[in-house]
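Undergrad: Attaching a single structure in structure tokens format; questions to follow.
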Amino acid sequence: MKVFLNGNFLAIIGAAFAVIFAGIGSAKAVGMVGEVSAGVVTEEPEKFAQTLLLQALPGTQGIYGLMTAFMILFRIGVVGGPVKELTTVQGLLFLIASLPVAIVGYRSAISQGKAAIAGVGIIAKRSQELAKAVTFAAMVETYAVLALLGSILMVWGIEL
């Protein structure tokens, strides 16, 4: 039981949460947009680049989760060494710091995927309206970026 209350263990769990949950959300959303895009591209292959752009948008949350994990691992010395011995409280703080990007990343990726799917519908009917389609999906990105910023500030604010 003591190993699970170890500060380093908790911090690494936090890094894993950031990657796992933001990554799952991005993977699901990118897949959903890809499914819809495939239908459009089957009928109109020239719309591939436009739909690909919309498909890529919800993938950023997974990148944000990975960035947060690297920052945590760097701060505790797992990447770049030497490994620091964390107290349980410090480890818990790193775990908590990962939660904004993990939770908001998961949810916003799926929401952004839904907005991007609607954008693919716009492209299917009016390909000249790409900017509007991207704008709708990009609005959701605001909250993923805010969550990333929150996680970054917390990760770098933890005293070691």
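Undergrad: Within the group Ala124, Ala137, Ala147, which residue is farther than 17 Å from Gln61 by Cβ, assigned to a helix (DSSP H, G or I) and in contact with a Gly (Cβ under 9 Å, 6 or more places away or on another chain)?
TA: None of the other options fit; the residue is Ala124.
Undergrad: Looking at Arg75, is it modelled with pLDDT of 95 or more, closer than 15 Å to Met32 by Cβ and of a type in the set (D, E, K, R)?
TA: no
Undergrad: Now, a different point. Any idea which residue in segment 72-114 is surrounded by the most Cβ atoms within 10 Å (Cβ to Cβ), counting only those that are over 15 Å from Gly14 (Cβ atoms), within 16 Å of the chain's Cα centre (by Cα) and hydrophobic (A, V, I, L, M, F, W, C)?
TA: My answer is Ala109.
Undergrad: I would also like to ask the following. So which residues in segment 56-71 are crowded, with 24+ Cβ neighbours inside 10 Å and either modelled with pLDDT under 95 or of a type in the set (S, T, N, Q) (or both)?
TA: Listed by number, the residues that qualify are Gln61, Thr68.
Undergrad: Would you check if Val83 is modelled with pLDDT under 95 and either in contact with a Gly (Cβ under 8 Å, 6 or more places away or on another chain) or among the aromatic types (Phe, Trp, Tyr) (or both)?
TA: In short, yes.
Undergrad: Next question, about the same structure. Scan segment 1-45 for residues that are assigned to a helix (DSSP H, G or I) and either polar (S, T, N, Q) or under 13 Å from the mean Cα position of the chain (by Cα) (or both) and report the count.
TA: Residues that pass the stated criteria total 19.
Undergrad: Would you call Thr142 without any contact (Cβ under 8 Å) to a residue 60 or more places away in the chain, more than 23 Å from Gly23 (Cβ to Cβ), loosely packed, with under 15 Cβ neighbours inside 10 Å and of a type in the set (Val, Ile, Thr)?
TA: Taking the combined requirement at face value, the residue does not satisfy it.
Undergrad: Among the residues of segment 115-137, write down those that are touching a residue at least 24 places away in the same chain (Cβ under 8 Å) and either buried (at least 16 other Cβ atoms within 10 Å of the Cβ) or not small (Gly, Ala, Ser) (or both).
TA: If the condition is that a residue be touching a residue at least 24 places away in the same chain (Cβ under 8 Å) and either buried (at least 16 other Cβ atoms within 10 Å of the Cβ) or not small (Gly, Ala, Ser) (or both), then Ala115, Ala116, Ile117, Gly119, Val120, Ile123, Ala124, Leu130, Ala133, Val134, Ala137 are the ones that fit.
Undergrad: Now a separate question. Only one residue in Ala16, Ala102 is more than 25 Å from Ala137 (Cα to Cα), at pLDDT 95 or above and hydrophobic (A, V, I, L, M, F, W, C), so which one is that?
TA: Exactly one residue qualifies, and that residue is Ala16.
Undergrad: Now, a different point. If Thr42 passes every condition in (1) among the hydroxyl-bearing types (Ser, Thr, Tyr); (2) closer than 24 Å to Ala131 by Cα; (3) in contact with a helix residue (DSSP H, G or I) (Cβ under 9 Å, 6 or more places away or on another chain) but one, which one does it miss?
TA: (3)
Undergrad: A further question on this structure: So which residues in segment 146-159 are closer than 23 Å to Ser26 by Cβ and in contact (Cβ under 8 Å) with a residue 12 or more places away in the chain, if there are any at all? Outline the logic, then answer.
TA: Initially, segment 146-159 is screened for residues closer than 23 Å to Ser26 by Cβ, giving 146-155.
Matches in segment 146-159: Leu146, Ala147, Leu148, Gly150, Ser151, Ile152, Met154, Val155.
Undergrad: Would it be correct to say that Val36 is farther than 30 Å from Phe94 by Cα and in contact (Cβ under 8 Å) with a residue 40 or more places away in the chain?
TA: So Val36 passes the test.
Undergrad: I need the full set of residues from segment 54-74 which are among the β-branched types (Val, Ile, Thr) and within 20 Å of Val120 (Cβ to Cβ), in order please.
TA: Residue satisfying the conditions is Thr60 alone.
The values are calculated or read from the model by the stated rules, or taken from the named source; none is laboratory data. The model shown is predicted, which means the values in this text are computed figures rather than measured ones. Virtual Cβ from ideal backbone geometry, glycine too; neighbours counted across all protein chains shown.
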